[in-house]
Amino acid sequence: MTEAHHPIHLAARLTGLSTHVIRIWEQRYRAVDPTRTPANHRLYSDGDIERLSLLRDATRAGHNISQVARLSNDKLRALAANTVGLRIEAPGSSAATPAPEAPLDECLTSVHSLDARALDDTLRRAATALGVQGVLHRLVAPLVQTLGDLWRDGKITAAHEHFATGHIRSFLAGLGKPFGGNEGAPSMVVATPSGQLHEMGALLVGATAANLGWQVTNLGASLPALEIAGAARQKKARVVALSLVYPEDDANLPSELTLLRESLPAQTALLVGGRAMPAYSNVLRQLGAILAEDLAQLGQALDHLRRPSEMAKR
């Protein structure tokens, strides 16, 4: 075993990751297991540095950290050999000059420094380089999840989280404008139910659906079941999509979800995703809800629900 002697700031410099990302990967996904000094400071070995670098390459190629964090180094190398990494060049920059940080790291740095211009610029460059679906899957979704982790773990303040939410909301609204769906497009209502205070997941769902041609009405965060159902009936929504992010132990949420399902027309599908969704999976399955673990499953579900034959079965 190689000796662990790299503090986290040096590990960040050697891997090109931010210290915040390294901590999240360690704490949430057990990507590495650094040793600790008597003062409880992290120390990373050369092996840890290599593994973090391999994981960096995999995530920059578009793979979700939750899917690759437990892979062996050999499998990560094989993965890297068959994928192309994500690099976003600034306008006028040389393609031979690598960007100093990945877009996710750039966004996190901007949020920590409350640098609105830098955050907006990184999001715009990513959208240009990756396209709408690409930037949603490969940057915005990981960014939203990481920001939620950082807020929950006390690594950023509510002010930082609100700052990021405001800018990402504006960015997603701009993405959705050209893809609002025509008059004959199916209608979707997106919300977070009462007690679910984080709306970023709902905004991401709305932008994805709009890009896929749905007419989306976003109702915002923490809305009572009857209000959601009333809006869905008014819009003749084919789907009500809910984002469940935090908390994961709300004793009142199962009854709210049940009331919502009972208040919706039978032909209106209930589509649910978000980090907290697994905690309520039992009641959701009993209600016949469609569960989407990520944006890929969301897209598949929306394609499925657009088929008239499928809606006739409901």
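The values are calculated or read from the model by the stated rules, or taken from the named source; none is laboratory data. Treat the numbers as computed from the prediction; the structure is a model and nothing was measured. Note that each Cβ is placed from the backbone with ideal geometry, even for glycine, and that neighbours are counted across all protein chains shown.
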(request) Can you tell me which residue within segment 20-51, out of those that are crowded, with 16+ Cβ neighbours inside 10 Å and without any contact (Cβ under 8 Å) to a residue 24 or more places away in the chain, is farthest from residue 64 (Cα to Cα)? (result) 50
(request) Could you check, for segment 178-192, whether at least one of its residues is assigned to a helix (DSSP H, G or I), in contact with a helix residue (DSSP H, G or I) (Cβ under 8 Å, 6 or more places away or on another chain) and crowded, with 16+ Cβ neighbours inside 10 Å? (result) yes
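Among the strands (runs of 3 or more DSSP E) contained in segment 194-308, which hold 1 or more residues that are in contact (Cβ under 8 Å) with a residue 24 or more places away in the chain and crowded, with 22+ Cβ neighbours inside 10 Å? Steps first, please.
Working: elements: 215-218, 239-243, 269-273, 290-292.
Fully inside segment 194-308 and qualifying: 215-218, 239-243, 269-273.
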(request) Being among the acidic types (Asp, Glu) and farther than 16 Å from residue 105 by Cα is the filter here, so list the residues in segment 140-164 that pass it. (result) 153
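Do the conditions hold for residue 150, that is, is it assigned to a helix (DSSP H, G or I), within 24 Å of residue 211 (Cα to Cα) and either outside the structural domain of residue 57 (by TED's automatic domain parsing) or in contact (Cβ under 8 Å) with a residue 24 or more places away in the chain (or both)?
Details: assigned to a helix (DSSP H, G or I): yes; within 24 Å of residue 211 (Cα to Cα): no; either outside the structural domain of residue 57 (by TED's automatic domain parsing) or in contact (Cβ under 8 Å) with a residue 24 or more places away in the chain (or both): yes.
It is false that residue 150 is assigned to a helix (DSSP H, G or I), within 24 Å of residue 211 (Cα to Cα) and either outside the structural domain of residue 57 (by TED's automatic domain parsing) or in contact (Cβ under 8 Å) with a residue 24 or more places away in the chain (or both).
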(message) I need the full set of residues from segment 182-202 which are over 16 Å from residue 226 (Cα atoms) and not hydrophobic (A, V, I, L, M, F, W, C), in order please.
(response) 182, 183, 184, 186, 187, 198, 199, 201
